[in-house]
Amino acid sequence: MTFLETQGLTAHYGDFQALFGVDIRLEPGETVAIIGANGAGKTSLMRSLTGVLQNAPGQILHKQEKIGHLPPDTVMKRGIAMVPEGRRLFPSLTVEENLIIGGQHKGGADLGDRIGSWLARLTGSSGPMDVAACRDGSGYWTLDTVYALFPVLHERRHTPGTALSGGQQQMVAIGRALMSNPEILLCDEISLGLAPVVIRDIYAALPLIKDSGASLIVVEQDISQALRVADRVYCMMEGRITLSGRPSEISREDIHTAYFGAAA
Amino acid sequence: MIWIDTIVQGILLGGLYALFAAGLSLVFGIMRLVNLAHGDLIVLGSYLILLLVSALGLHPFAAVLVAMPAMFLLGWSLQKLVLNRALGEDILPPLLVTFGLSIVIQNALQESFSADSQRVSAGALETASVSLGPVTAGVMPLLTFGSAILVILALNHLFYRTAIGRAFRATSDDAVTAGLMGIRPDRVFALATAIAMLVVTIAALYLGTRSNFDPSIGPARLIYAFEAVIIGGLGSLWGTLAGGVVIGVAQTLGAAINPEWQILAGHVAFLIVLLIRPRGLFPREA
Ligand SMILES: Nc1ncnc2c1ncn2[C@@H]1O[C@H](COP(=O)(O)OP(=O)(O)OP(=O)(O)O)[C@@H](O)[C@H]1O
Ligand SMILES: [Mg+2]
């Protein structure tokens, strides 16, 4: 059974077509990277997966169910969360409020979340090193565990989210998405515009996030970064998938051709 | 002494204008919707209270409690069925729709209640007054001002201290990203308008009990509300109260000099504030 899958996915902005029959899939526990040049359609793919762009129902399947037509809030409640391109924190909300709002509308999951965090506290097991201990993932992420993952956010929790540095804002955006305890986390260019050390810190969080039970799709322009974290890679160009495979199976030349086209 | 008395009356009148304005400010703040029917909705509320008072023999303060759920539902449905469809990138459709709604409400009220002016009687409260040192203040104006403060405290609490308020602010910042957080902007907007209608009902109580009203006076209340919001600075409810007070004081001072200047003085004060502080007295930063 495929976890998340697109079949002949198309996407439009008015008359402009951004995606032309995209087929990708994500298996449980996998990290899939999407690479491609500016304008290739990576963000459009993420927007389609999360329901921001509407599609025909059968173009996106989640656990065998057609979800292409569902609105973002419904998709999110199915356990698919996104760290959007450009972070898009809520300026009127503090860091902590930005985090809380990520989990506040999960609906039925709230009680489970709370019980999970009480248990973690009772057993004294809410330190950063215990991420791996919570592999089932349901309800692992709370304010405490997000702060444990990104301690700097705890210090700044009462400042407006947009008053932080770019890297810290990215941490808030990631934490906000985690607060819903997603089974699938989509990250759209989480390293964009950040210094290498900051990128390293943020990517260091990905294994912990995986261990909490989330499968990941990361959109990344930095090819070597993508190859390092991903189990499988898709390369996009002009709204189509031009290459896919395991990092060990695809060569630099393949990627170059898929990325820039055969003429390059 | 007469001046102090005049100023106090003006401040208390400002409470009424703040009540007119708070609902408008709430809706504009959350969905950038300028509701041109806001004044008419207040008048509609006054007629509803009048109906409850005359048909059921309720005291106006009891009638307002009955009217509130009805107005809440009206606000919810209005937003859900009509206004949400008009919202979008373009700001013109909501203006046209609410302008049309304003006319519909005025005509419907005229058909049902005639163009005659009406008044809701608050009984002995109307003439009751208390002396505060050198000045004497009516109980109704004091209740109005007190209600305005309570409404603002309640709205601020809702906005900044509750999960609903968080969703309001997030949706107002960025409705698309709010959707990614599991929030349904259309429902947030419906709830916001429904809550604004609760404030409208309170405003309607004081509009109906403190002066005569008829189906055509909505637009003028809308103007006062607008002026209060803009003087106070968009996004600040305490600013809106301050804006109401500025207009109220200007009106009573104007009237004290020459009774014909009452309305004019309020508008002049608005223009002066706008000239000196184009973004209002208490603009929200950035
Ligand atoms: N809101 C929009 N309206 C119209 N066209 C759009 C819109 N957003 C994106 N596009 C177009 O769709 C195509 C794909 O854009 P998309 O943002 O998906 O690319 P991307 O791979 O994410 O690029 P980048 O690496 O720059 O983020 C581009 O040609 C872009 O111009
Ligand atoms: Mg993009």
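Data table
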read-out	value
Matching residues in region A:207-257 - criterion: being under 16 Å from A:Thr31 (Cβ atoms), within 16 Å of ligand 1 (Cβ to nearest atom) and without any contact (Cβ under 8 Å) to a residue 60 or more places away in the chain	A:Asp222, A:Gln225
Per-region count, region A:49-95, residues more than 13 Å from chain B (Cβ to nearest Cβ) and among the small types (Gly, Ala, Ser)	3
Selection from region A:196-225 of residues that are of a type in the set (A, V, I, L, M), buried (at least 21 other Cβ atoms within 10 Å of the Cβ) and within 16 Å of ligand 2 (Cβ to nearest atom)	A:Ile217, A:Val218, A:Val219
A:Gly41 being in contact with a Leu (Cβ under 6 Å, 6 or more places away or on another chain) and within 14 Å of ligand 1 (Cβ to nearest atom)	yes
B:Ala196 vs. criteria crowded, with 24+ Cβ neighbours inside 10 Å, within 14 Å of chain A (Cβ to nearest Cβ) and of a type outside the set (Phe, Trp, Tyr)	no
Filtered residues of region A:68-86 (kept if more than 16 Å from ligand 2 (Cβ to nearest atom) and assigned to a loop (DSSP other than H, G, I, E, B))	A:Gly68, A:His69, A:Leu70, A:Pro71, A:Arg78, A:Gly79
Some residue of region A:176-192 being touching a Leu at 6+ places or on another chain (Cβ under 7 Å), of a type in the set (Val, Ile, Thr) and surrounded by fewer than 19 Cβ atoms within 10 Å (Cβ to Cβ)	no
Residue that is nearest to the other protein chains (Cβ to nearest Cβ), among those in region B:161-174 that are surrounded by fewer than 14 Cβ atoms within 10 Å (Cβ to Cβ) and assigned to a helix (DSSP H, G or I)	B:Ala163
Scope region A:19-60; condition of a type in the set (Gly, Ala, Ser), more than 10 Å from ligand 2 (Cβ to nearest atom) and assigned to a strand (DSSP E or B); matching residues	A:Gly21, A:Ala33
Those residues of region A:1-18 which are of a type in the set (S, T, N, Q), exposed (fewer than 14 other Cβ atoms within 10 Å of the Cβ) and not in a strand (DSSP E or B), in sequence order	A:Thr2
Scan of region A:6-22 for residues that are of a type in the set (Gly, Ala, Ser) and in contact (Cβ under 8 Å) with a residue 24 or more places away in the chain, ordered by number	A:Gly8, A:Ala11, A:Ala18, A:Gly21
Pair list, Cβ under 9 Å, 6 or more apart: region A:180-204 residue at positive phi, other residue of a type in the set (Ser, Thr, Tyr) and within 16 Å of ligand 1 (Cβ to nearest atom)	A:Glu189/A:Thr43
Hits in region A:44-80 - residues which are among the hydroxyl-bearing types (Ser, Thr, Tyr) and away from ligand 1 (no atom under 16 Å from the Cβ)	A:Thr74
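Every number in this text was worked out from the coordinates using simple rules, so none of it is lab data. Treat the numbers as computed from the prediction; the structure is a model and nothing was measured. Counting neighbours? That spans all protein chains shown, and the Cβs are built from the backbone with ideal geometry, glycine included.
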